[in-house]
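Accompanying notes for the structure given below.
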Amino acid sequence: MLTELLAAISDCVWAIDNETGDILFISPAVETIFGYTADEFRDNTKLRQQLIDSLDLINKDTLNKSEENNQWSRPVYRTLTKSGGFKWINHQQRIIKDNATSHDITLTVIRELDVSEKNSDQETEALRAAEEIAWTKNNLEALINATEDLTWSIDRLGRYVYMNSAYRKQISNNIGLVPNEGDDAYIHSGGTEKVRNEWRLYYDRALSGERFVTRHDSRHPKTNAIRHFEVSFNPIYKDTKEEIIGVGCFARDVTAILNTEEALIEQNERLQNIASLSSHELRRPVASMLGLINIIDRENFNNPDNAQIIEHMFTVTSEIDEVIRLIVNKTFIDQKSYL
């Protein structure tokens, strides 16, 4: 009587002995839902699991929790049918104990969901998710495009995946072409084969798993001005962290920093030269001047020796003036020529 009752309902009911794997009962409604007969499921006990869409696998944590607590689990997923289509399924499952055999029995009730209701809920959720993704994407791109730093990425085939506006502008200035997603990054790397090969070596290092930073000099083809960039290369991994699928690159213009460092080095050299002139070239004539002052006959200015001493003082004064001129040149004229 119970068997006839279960067979008459539209929901699919079946029971499986967890220890033997045998299907104890399966209702004819299974064919209405899946398109496969009860005998086909008996012949292949793994068929039902194989029909679950790979994008909608049952939440294993939910099932495990129901098994531990002997409660009904109600995962919802999409299943494939024999005709090649798919249906949304409400899957109710519970573990019970068979008193006769002391075996655990998995009791399952599967019901086909109302498609229009499911689609409506899905469309609402999908629309909300799409809006959130678009909002995040727009804000992230606005942030990335607001900086003058260059940001781009390529896949394993050397094709562009993403570029910010600063990078597009830099490439356009270098080779006269604006790159787009999907273009060959190696071709757009530079105006000469030497430069393109240099970048290919950089990308190959990152694709092999190396994370590194290097400096690259870029000369504008029209103005001939050189810009110096500090470029970071970073391998991009799959979620499993076992396969490299591309390279993410970040370049920062360090021209001003390098020019400042060079100016500081030259300034330090000028200061060292000034210190050398002051400690050596200037000290000698000053010492001579002090010596001559000490031997002047202050009691008898008419002493003939004073005339000779004064002549020497004029000579030493000229030497001091020459050294001062050298110091002034090192301090101001050299600096102006650099600037």
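Quick one: in the stretch 150-163, which of the residues that are crowded, with 19+ Cβ neighbours inside 10 Å and of a type outside the set (Ser, Thr, Tyr) is farthest from the chain's Cα centre (by Cα)?
GLY158
Exactly one of these conditions fails for GLY209: (1) surrounded by 13 or more Cβ atoms within 10 Å (Cβ to Cβ); (2) closer than 12 Å to GLY246 by Cα. Give me its number.
It is condition (1) that GLY209 fails.
Restricting the search to the stretch 7-31, which residues are touching an Asp or Glu at 6+ places or on another chain (Cβ under 8 Å) and in a helix (DSSP H, G or I)?
Listed by number, the list holds a single entry, ALA29.
Would it be correct to say that ARG200 is of a type outside the set (Ser, Thr, Tyr), touching a helix residue (DSSP H, G or I) at 6+ places or on another chain (Cβ under 8 Å) and more than 30 Å from ILE327 (Cα to Cα)?
yes
Among ARG227, ARG219, ARG215, ARG200, which is in contact with a Phe, Trp or Tyr (Cβ under 6 Å, 6 or more places away or on another chain), surrounded by 10 or more Cβ atoms within 10 Å (Cβ to Cβ) and within 19 Å of ASN174 (Cα to Cα)?
ARG200
Based on what the data block shows, is ILE187 closer than 29 Å to ALA256 by Cβ and more than 19 Å from the chain's Cα centre (by Cα)?
no
Please find, among LYS169, LYS97, LYS87, the residue that is modelled with pLDDT of 65 or more and in contact with a helix residue (DSSP H, G or I) (Cβ under 7 Å, 6 or more places away or on another chain).
After applying the criteria, what remains is LYS87.
Modelled with pLDDT under 80, in a loop (DSSP other than H, G, I, E, B) and out of contact with any Pro (no Cβ under 9 Å at 6 or more places or on another chain): which single residue out of ASN180, ASN224, ASN139 fits that description?
ASN224
Looking only at helices (runs of 4 or more DSSP H) that lie completely in the stretch 231-332, which have at least 1 residues being of a type in the set (Phe, Trp, Tyr)?
Here the list reads 304-328.
In the stretch 143-165, which residues are within 15 Å of GLY248 (Cβ to Cβ) and either among the basic types (Lys, Arg) or in a helix (DSSP H, G or I) (or both)?
ILE144, ARG156, ARG159
LEU51 - would you say it is among the hydrophobic types (A, V, I, L, M, F, W, C), modelled with pLDDT under 85 and surrounded by 12 or more Cβ atoms within 10 Å (Cβ to Cβ)?
yes
Which of the residues that make up the stretch 236-289 are at pLDDT 85 or above and either within 25 Å of ILE327 (Cβ to Cβ) or in contact with a Ser or Thr (Cβ under 7 Å, 6 or more places away or on another chain) (or both)?
Matches in the stretch 236-289: ILE236, GLY246, VAL247, GLY248, CYS249, PHE250.
The values are calculated or read from the model by the stated rules, or taken from the named source; none is laboratory data. Every value quoted in this text rests on a predicted model; they were computed, and no experiment measured them. Because the Cβ atoms are built from the backbone with ideal geometry, glycine has one as well, and the counts that use them run over all protein chains shown.
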